[in-house]
Each structure stands twice: as structure tokens, then as C-alpha cells.
Amino acid sequence: MTTAERAEHHHRMDDARRQRAELERHNHEQAAIRAKSIFAPATLASDTHLYLVKKGISAGIAKQSRGALVLPIVSFDNKLASLQFIQPDGSKRLLSGGAKRGNYIPAGGNVMEPSRVIICEGWATGRTLSELDPAALIMAAIDAGNLQAVAMNARAKWPHLPLVIAGDDDRLTDGNPGRTKANAAAITSGASLMFPQWGDDMPQSLSDWNDWRQWMRTNGGGS
């Protein structure tokens, strides 16, 4: 390629990137509008919802629509960005077009004067942690891939608060993505790490703090 051709190629690439970014921004804005229209009229979830009963957690801020739990995904400036829907059988989906990266689901704890910030993957895990440590502010990053972005945003917002990544331990999955992503998020954000401590009699299928708490309850290890 000549110098002029290379310059033209770079120009086209930059233009394509700008168009993709603009389309993504538009999709996020439209999804945020839809999220408000769904979340606002939805009723508060009942603690008898099958998913909540299975996980042994209370509803917190969750709402309910057409049988599904509806969870708000918010930005660090406290704006509703998207939604997560959880069916009674535990299947999950996100609102189409919604912004996820760097945003989180509030999972409870001390919002006004937290002793520390704890970031985990799933909302049910977050609800469990809010019971175990009610003085902390708990946020769910939705999945392992979003842990690092949420942790970096939390570090920027609360630079002087202790920050903890409560990671999943996906022992039966190749590469253990829960532990791997949690380690990376902790290193990048300067956070501490905590994982469930598994006893010899605890099955390998258990992977997160909710699994740990539920097994302990069922097997006489605590309430």
C-alpha cells in the first residue's frame, strides 16, 4: 500500500469504529429507557419466589414481572442502565442492548457508611454475602468477565475503603474462570480476595458463597 492508501485505510477504520461506538451508545440509551418502563411498574418480589427459596435468600430490591425476578443493573453514578431477569428455574437473561460493562446489581449491605466494598459475580451470592457481612456494601458484577471493570470503578469511587473480591471457585470448569477472573480483578484494583473454604466432605459441584452457605445450613454447619 502507498502512503495515501494507508492513510485512507486508517481513516476508514477510524470511521467504522466511530459508527460502532455511536450505535452501541444509541442501543444503551434505548435499553435504559426500556429498563425504566419495565422496572418502575413491576411489583416487589415475594420471598416465596421459587428461585429465592432455592437459594435461601430474601428478595431485597428485586422486583417481579410475569413470574421472573427483575434486577436493576446500575452505573456508578446510580443510573439504571439495564435489567437482569431470573426465572423460577434459575435461567437468566439480560435486557437486549443494555450496558453491562462496569455496571453492577446492588445486592444489599450498608449503603450509607459501608465498612468495606465486596464485589462478587452473581446476585444470589451477593444477597448471601449481605447476610454474612451486613456492614459491607455488596455489589454483583453479573459475571466473572465483568469483575475487573466493576472493581476498577469501585476503587475510583471509594479509594480509601477496603475492597474485596469474593470470587467463585469453579473447580469443575477448565481453567477455573471464577478464580482466574477474581485474581485478575484483585490485582488490577488492589483488592483483597476471598474464596469459600471447602471441607473434605463438601462436593466439588459447589462453587460460590451461596453454595457454601446452603450446604452449611443443610448439613448442620450453621444458620
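Looking at the range 170-223 only, could you name the residues that are over 30 Å from Lys157 (Cβ atoms) and in a helix (DSSP H, G or I)?
Within the range 170-223, Gln214, Trp215, Met216, Arg217, Thr218 qualify.
Which of the residues that make up the range 125-144 are open to solvent by 10 Å² or more (accessible area, probe 1.4 Å), within 13 Å of Trp209 (Cα to Cα), part of a helix (DSSP H, G or I) and not polar (S, T, N, Q)?
Within the range 125-144, Arg127, Glu131, Leu132 qualify.
Inspect all residues belonging to the range 99-113 and state whether any of them is assigned to a strand (DSSP E or B), farther than 19 Å from Ile165 by Cα and open to solvent by 20 Å² or more (accessible area, probe 1.4 Å). Give the derivation first.
As a first pass, look at the range 99-113 and keep what is assigned to a strand (DSSP E or B): 104-109.
After this cut, where a residue has to be farther than 19 Å from Ile165 by Cα as well, the list is none.
Looking for residues that are assigned to a strand (DSSP E or B), farther than 19 Å from Ile165 by Cα and open to solvent by 20 Å² or more (accessible area, probe 1.4 Å), one finds none in the range 99-113, hence no.
Could you grab me the full set of residues in the range 69-98 that are out of contact with any Lys or Arg (no Cβ under 9 Å at 6 or more places or on another chain) and either surrounded by 20 or more Cβ atoms within 10 Å (Cβ to Cβ) or among the polar types (S, T, N, Q) (or both)?
Across the range 69-98, the qualifying residues are Ser75, Asn78, Ser91.
Report every pair of residues separated by at least 6 positions or lying on different chains whose Cβ atoms are under 7 Å apart, first residue within the range 177-193 and among the β-branched types (Val, Ile, Thr), second open to solvent by 40 Å² or more (accessible area, probe 1.4 Å).
Matching pairs, first to second residue: Thr188/Gln148; Thr188/Met152.
Consider only pairs whose beta carbons are under 9 Å apart and that are at least six residues apart or on different chains; among these, list those whose first residue lies in the range 143-158 and is within 12 Å of Ser75 (Cβ to Cβ) and among the hydrophobic types (A, V, I, L, M, F, W, C) and whose second residue is surrounded by 21 or more Cβ atoms within 10 Å (Cβ to Cβ) and modelled with pLDDT under 95.
none
Kindly provide the set of residues from the range 189-205 that are buried (at least 18 other Cβ atoms within 10 Å of the Cβ) and within 20 Å of Trp123 (Cβ to Cβ), ordered by number.
Ala191, Phe195, Pro196
Pick from the range 145-154 the residues that are surrounded by 22 or more Cβ atoms within 10 Å (Cβ to Cβ) and not polar (S, T, N, Q): which of them is farthest from the chain's Cα centre (by Cα)?
Selected residue: Ala154.
Determine whether Lys54 is open to solvent by 20 Å² or more (accessible area, probe 1.4 Å) and closer than 28 Å to Trp158 by Cβ.
No, not satisfied.
Pick from Asp174, Asp169: which is open to solvent by less than 50 Å² (accessible area, probe 1.4 Å) and not aliphatic (A, V, I, L, M)?
Asp169
The values are calculated or read from the model by the stated rules, or taken from the named source; none is laboratory data. It should be emphasised that the depicted structure is a prediction, and the values quoted were computed from it without experimental measurement. Here the Cβ is made from the backbone with ideal geometry for all residues, glycine too, and neighbour counts use every protein chain on show. We work out accessible area using only protein heavy atoms, side chains counted, and drop any ligands, DNA or RNA first. Shrake-Rupley method; radii C 1.70, N 1.55, O 1.52, S 1.80 Å.
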